[in-house]
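Some notes on the structure that comes next.
The values are calculated or read from the model by the stated rules, or taken from the named source; none is laboratory data. Keep in mind that what you see is a predicted model, and the values were worked out from it rather than measured. FYI the Cβ positions are ideal-geometry reconstructions off the backbone, even for glycines, and counts take in every protein chain you see.
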Amino acid sequence: MFAFIVRRVLQAIIVMLIISFIGFALKQNVGDPVRELTGVSVSAAERESIREKLGLNDPFLIQYGRFLKGAVLEGNIGQSFFYKKPAMEVILSKAPATIELVLCCSFLIVVLSIPMGIYSAIYPKRLLSRLIMGLSTIGVSVPIFLIAILLIYIFAIELNWLPSYGRGETVNVWGWESGLLTLDGLRHLILPTTALTALMLPLFVRLIRSEMMEVLQTEYVKFAWAKGLPRVRIWFVHAFKNTLLPVITVGGVQIGTMIAFTILTETVFQWGGLGFLFLEAVERADTSLLVAYLIFVGIIFVVVNTVVDIIYGLVNPMVRITGRK
Amino acid sequence: MRLWKRFRSSYFLYSFLHDPVAMGSFAILAFLTLAAFGAPVIAPHNPYDTTTINIMDSEIPPVWMEGGEQNFTLGTDAQGRDMLSTMLYGMRISLIIGVGATLMQAVIGIVLGLLAGYKGGRVDSFLMRMADVQLSFSTLMVAIFLSAIFQAIFGVAAFERLAVPFLVLVIGIAEWPQYARTVRASVLAEKKKEYVEAARVMGLPAARIMWRHILPNSMSPILVLSTVQVAHAIMSEAALSFLGLGMPITKPSLGSLINSGFDYIFSGSWWITMFPGILLVLLILVINLLGDWVQDVLNPKLYKG
Amino acid sequence: MKKLLFFALAFVFLATAAQGKTLKMALDADPESMDPHVQLSGGMLQYTHLCFDPLIRWTKDMKFEPRLASKWERIDPLTVRFYLREGVKFHSGNTFTAADVAWTMDRLKKSEDFKGLFTSFAEPKIIDDYTIDIITTEPYPLVEAMATYIFPLDSKFYTGADDKGLPKDAIVKTDYSFANQNQSGTGPFYVESREQGVKMVYKRFADYWDKDSKGNVSEIILTPIKENATRTAALLSSGVDFIAPVPPQDMDRLGTNKDLNLVTMAGSRVITFQLNQKRKPEFADLKVRQAVIAAVDNAGIVAKLMKGTATAAQQQAPEGFDGYVADLAPRFDLEKAKQLMKEAGYENGFEATMIAPNNRYVNDEKIAEAVVSMLSKIGIKVSLKTMPKAQYWDEFDAQVADIQMIGWHPDTEDSANYSEYLLMCPNKDTGKGQYNSGNYCNAKLDELVNQANVETDKAKRIALLQEVERIAYDDAAYVPLHWQNLSWAAKKNVDLEPVVNIMDFPYLGDLVVE
């Protein structure tokens, strides 16, 4: 196990190096940060001198070398032009918002998709199953901003029950700005979580259903029936446990994706998290922040996928973690 | 002729004819596809012919509402384009992008996923870390990067012509890791099973084992992912137009029509969002229902009948 | 005992009532910094008007009203004398004097963004603590307009070194600086807290000098909401009291809502297309340019895409500006456009490329799209690419397309400024024609603008600037579309109308909330 983790850490470092290298190569294409830092009437010469001062005119490899030096010696992965702060600081200050949103959403997905998926697998022909499947299809095909704006329209404007934007009141717990601990914060959380869940839930319901239907036909489940085991035990212990593998795989990738790219939800609800930060960094051509962000997301994916690989081994003893000798 | 006979007596057709949902979905999908690809013939207007668009016709409501015009059955959008025609043309683009990009993702993802899972070790580590890198560079970054390359090679003027293949490429490249990881997980579970061992003992080549033995047994999650990915690809394209990287605004897709209607949600011109929205939901719904059915029928592990 | 309690309660009640109102405000962006000299942008100037008072400021009808300068007079062609208000306190408690004005002007000339506006200004001369002479190097007609940019900073507060040992007056764009995070001005509000991009809280300054101001807002909470629909929703759901700008497509809904108050005003940002004569030789032909202008139904764009929240333009400067010419006729005439194309020998048209931003101006992308279809009617087949503003300006400067969109709002609120940037012959050394991607060049026009820039006689200057607009009109130098309206919406109890103006600097210090 130890060797496995060391190997993964090494791989993570290589991944970060590659991401930062590609990120630097892409930087030029996002736009000119100096343009966003100056008024329109500022002369071209003045802009050029700012660019020179920020080192943006240096050749790509020199800029990258400078970045690596800063990253290795000072742990500094760049300075956000717009926020006028180290990029890592900006990202860490926005991360709690997204993580809380994703956690609530994941919780809802787990709580809802398992019973819905199992039910529609056990009774595929029942009306309720068809309804679940139909609704889940609509969920996946309605664009998230449409769901979001409809939620805002109904619950914020017409009924005036829930706030339409922002995180509301937050409490600082050991440096973590949490909205989960205040009533106001929780009220603000409801609409964005619902919108995001509506988008992600259908995939999981479908996945669980189809895996479950397969497993219910396997020999050992039939054997369990023959043995006369209680239904609930067969469904949940024998069958369900064996559907988990693909669910965890897809889940791992999707949760990583959610953390990184809740762009549209966060934009519509003015939710000050990472997705929002990313879009803003692109729009403002805040290139240093963008590179730092990409590295951060890269780490998230390596970690999530490593955890998924470890869980495979635990759930399915037939799978050996590759690299664990 | 023999093929036809085989098809007629097959279980596939039998189950199709005995499933009204499948038949209904197929009929609707066939109809929509025909309408989309026959748009130049069927549509009352040609929304891509800018000479016929008049700004003074903008935001006319559907014909049954006050102020509606006979000429524009479902009303017009903000530019004065006929909604019905624009939706038909847009659906064609969305279908090509949705299906094309998903196919591309699936092909790249399945090949790399099979390799990673079956070979294991260094190959696996390399491919999976590549997937991590790819996932970090979302669709958006891939689009920004490729569009810069496209512009450098073909110039600004070519964008309108090349937008569809460009978007298939972008969305296809950006999301293959989803498939790769799913396939790999299945392979890891399958490759220890007896039938794979048996095939290996028989001395079958690795490619054949992967393709003919492991893959068919891993189809179920792939199919689920695919039906969802088609919808996601269509929406990704719409999201890219936020950044001016989607379809050119003069050639709107279904997704970008809905997207642009987002602005009109409070204005009272609800038809700009609602009609494309309903059409898209219908399209995805029938694709998914058919997907469910195909999956149930083709799955070798399910007992039939 | 009961009586006492009653009085105590009544007292508490009265005290809270007298404290004034909280205004929750949602704008499309929050200020980039707390240092007024770090960047010249609309958001920064709005912030500066809240926390720093200028020497003089624009009124609604484009006149000047005294603020920190109680009066001013021109004493010779190069000098204007400003008499400053006495007894004005900064937020830090320091007293405001002429030295602060001189210090601020010195700092303005060090600011990368503002130095361009102050190139013709020499060192000011302090006469006494409350009198200062502002001196220009050549006769300069816009001293008053520029004085609206002089928001005296608290020179004592910004002098010295902070706890990191860095100079407090440093102007830093991309990193920490004292001035980026602290402020002390004479304005009606001070910043209580600021979380960039999320929330900014202003509190009313108790020692504010303007005791005549009827403003009763004691706290402003500013939340930036970039997405138009979300901003509108925030107002409709009572999440905020005040939003700006209002997207055109939502005006109807907000305007007819009886609980809300919608104010719109003709603005001075002109939206234009430039036809590149160097890149596309066809556009060097006057007839083709005239045909393009005649093909573009800018009144239709205003009516339909902008929902009437813009004013169709035939020239650069709107009404009220010195250069405005009242009798320039609208030119949309499709038949004439086709005729002109024929005369020019392009009966079958030609192909061209166009770029436009998609998040810079109101409905920019839709406008470009509409113009593409209008031009197709005279046979000009345009291939359009739109992009976010972060990428747009580099492409604009590189002149990658034949037709490029640009909107312009003059920092000086003066006619000459439009031509200087958009129409004068591009010249790298003087910096003139910096955004002239049409490469239109007319020596006569250049000459007139240069004359106007040193003409202090108002009547003569107006004649010069009107001549400039006429030449550009006759030469079909560019395609004018419209002036964007400014718009604000608020709850009924927020009395918006008196505090908003064409510059888009709501003077919230004077805002009355019932």
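Below is a table of values for the structure above.
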{"item": "Residue check for C:Phe157: surrounded by 20 or more Cβ atoms within 10 Å (Cβ to Cβ) and within 14 Å of another protein chain (Cβ to nearest Cβ)", "result": "no"}
{"item": "Filtered residue count, region A:149-173, keeping only those that are touching a residue at least 40 places away in the same chain (Cβ under 8 Å) and in a loop (DSSP other than H, G, I, E, B)", "result": "4"}
{"item": "Filter result for A:Leu294 (of a type outside the set (Val, Ile, Thr) and within 14 Å of chain C (Cβ to nearest Cβ))", "result": "no"}
{"item": "A:Ile77 surrounded by fewer than 18 Cβ atoms within 10 Å (Cβ to Cβ) and more than 22 Å from C:Ser33 (Cβ to Cβ)", "result": "no"}
{"item": "Filter result (facing another protein chain (nearest Cβ under 9 Å), in contact (Cβ under 8 Å) with a residue 40 or more places away in the chain and either surrounded by fewer than 24 Cβ atoms within 10 Å (Cβ to Cβ) or among the hydrophobic types (A, V, I, L, M, F, W, C) (or both)) within region C:249-261", "result": "C:Met251, C:Asp252, C:Leu254"}
{"item": "Region B:52-111, subset in a loop (DSSP other than H, G, I, E, B) and of a type in the set (Ser, Thr, Tyr), residue farthest from the other protein chains (Cβ to nearest Cβ)", "result": "B:Thr73"}
{"item": "Pairs with Cβ under 6 Å, 6+ apart, first in region B:168-191 and under 12 Å from A:Val253 (Cβ atoms) and in a helix (DSSP H, G or I), second modelled with pLDDT under 85 and aliphatic (A, V, I, L, M)", "result": "B:Pro177/B:Leu135; B:Gln178/A:Val253; B:Arg181/A:Val253; B:Thr182/A:Val250; B:Thr182/B:Leu225; B:Ala185/A:Leu245"}
{"item": "So B:Thr76, is it in contact with an Asp or Glu (Cβ under 8 Å, 6 or more places away or on another chain) and of a type in the set (S, T, N, Q)", "result": "yes"}
{"item": "Residue within region C:333-353 that is buried (at least 18 other Cβ atoms within 10 Å of the Cβ) and free of Cβ contacts under 8 Å to residues at least 24 places away in the same chain present", "result": "no"}
{"item": "From A:Leu131, A:Leu162, A:Leu135, residue being more than 30 Å from A:Val215 (Cα to Cα) and hydrophobic (A, V, I, L, M, F, W, C)", "result": "A:Leu162"}
{"item": "Any hit, region C:470-483, residues being in a helix (DSSP H, G or I), surrounded by 18 or more Cβ atoms within 10 Å (Cβ to Cβ) and either in contact with a Leu (Cβ under 6 Å, 6 or more places away or on another chain) or touching a residue at least 40 places away in the same chain (Cβ under 8 Å) (or both)", "result": "yes"}
{"item": "Sole residue being closer than 30 Å to A:Phe240 by Cα, part of a helix (DSSP H, G or I), out of contact with any strand residue (DSSP E or B) (no Cβ under 7 Å at 6 or more places or on another chain) and free of Cβ contacts under 8 Å to residues at least 40 places away in the same chain, chosen from A:Leu128, A:Leu203", "result": "A:Leu128"}
{"item": "Among (1) within 10 Å of chain B (Cβ to nearest Cβ); (2) within 17 Å of A:Ile144 (Cβ to Cβ); (3) over 17 Å from the mean Cα position of the chain (by Cα) - the single one A:Met213 does not satisfy", "result": "(2)"}
{"item": "Neighbours by Cβ (under 6 Å, 6+ apart or cross-chain): first from region C:201-215, in contact (Cβ under 8 Å) with a residue 12 or more places away in the chain; second of a type in the set (S, T, N, Q)", "result": "C:Val201/C:Ser193; C:Arg204/C:Ser218"}
{"item": "Helices (runs of 4 or more DSSP H) completely within region C:241-360 that count 3 or more residues being small (Gly, Ala, Ser) and over 19 Å from the mean Cα position of the chain (by Cα)", "result": "C:286-295, C:298-304"}
{"item": "Matching residues, region C:202-213, being farther than 14 Å from C:Gly20 by Cβ and either modelled with pLDDT of 95 or more or loosely packed, with under 14 Cβ neighbours inside 10 Å (or both)", "result": "C:Asp207, C:Lys211, C:Asp212"}
{"item": "Which numbered condition C:Gly215 fails, given (1) over 25 Å from C:Asn359 (Cβ atoms); (2) in contact with a Leu (Cβ under 8 Å, 6 or more places away or on another chain); (3) in a strand (DSSP E or B); (4) not aromatic (Phe, Trp, Tyr)", "result": "(3)"}
{"item": "Region B:132-152: number of residues that are part of a loop (DSSP other than H, G, I, E, B) and at pLDDT below 80", "result": "1"}
{"item": "Qualifying positions in region B:192-204 - away from chain A (no Cβ under 12 Å), within 21 Å of A:Gln217 (Cα to Cα) and either part of a loop (DSSP other than H, G, I, E, B) or in contact with a Ser or Thr (Cβ under 6 Å, 6 or more places away or on another chain) (or both)", "result": "none"}
{"item": "In region C:358-417, residue surrounded by the most Cβ atoms within 10 Å (Cβ to Cβ) [restricted to those that are on the phi > 0 side of the Ramachandran plot and within 14 Å of chain A (Cβ to nearest Cβ)]", "result": "C:Glu413"}
{"item": "Counted residues, region C:438-464 - those being in contact (Cβ under 8 Å) with a residue 24 or more places away in the chain, part of a helix (DSSP H, G or I) and more than 24 Å from C:Asp76 (Cβ to Cβ)", "result": "3"}
{"item": "Filtered residue count, region C:418-434, keeping only those that are of a type outside the set (S, T, N, Q) and surrounded by fewer than 22 Cβ atoms within 10 Å (Cβ to Cβ)", "result": "7"}
{"item": "Residue identified as within 29 Å of A:Trp271 (Cα to Cα) and facing chain B (nearest Cβ under 10 Å) among A:Pro202, A:Pro192", "result": "A:Pro202"}
{"item": "Residues satisfying the stated conditions in region C:361-395, i.e. among the basic types (Lys, Arg), touching a residue at least 60 places away in the same chain (Cβ under 8 Å) and in a helix (DSSP H, G or I)", "result": "C:Lys366"}
{"item": "Test for C:Asp446: is it modelled with pLDDT under 90 and not small (Gly, Ala, Ser)", "result": "no"}
{"item": "Residue in region B:121-136 that is farthest from A:Ile18 (Cα to Cα), counting only those that are at the interface with chain A (Cβ under 7 Å from one of its Cβ atoms) and buried (at least 18 other Cβ atoms within 10 Å of the Cβ)", "result": "B:Asp124"}
{"item": "Any hit, region B:205-228, residues being more than 14 Å from the chain's Cα centre (by Cα), more than 7 Å from every other protein chain (Cβ to nearest Cβ), surrounded by fewer than 18 Cβ atoms within 10 Å (Cβ to Cβ) and not in a helix (DSSP H, G or I)", "result": "yes"}
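Residues are listed down the side, and each one gets a yes or a no for (1) buried (at least 22 other Cβ atoms within 10 Å of the Cβ); (2) touching a Gly at 6+ places or on another chain (Cβ under 8 Å):
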site	(1), (2)
A:Val247	yes, no
A:Gln270	yes, yes
A:Glu283	no, no
A:Val291	yes, yes
A:Val303	no, no
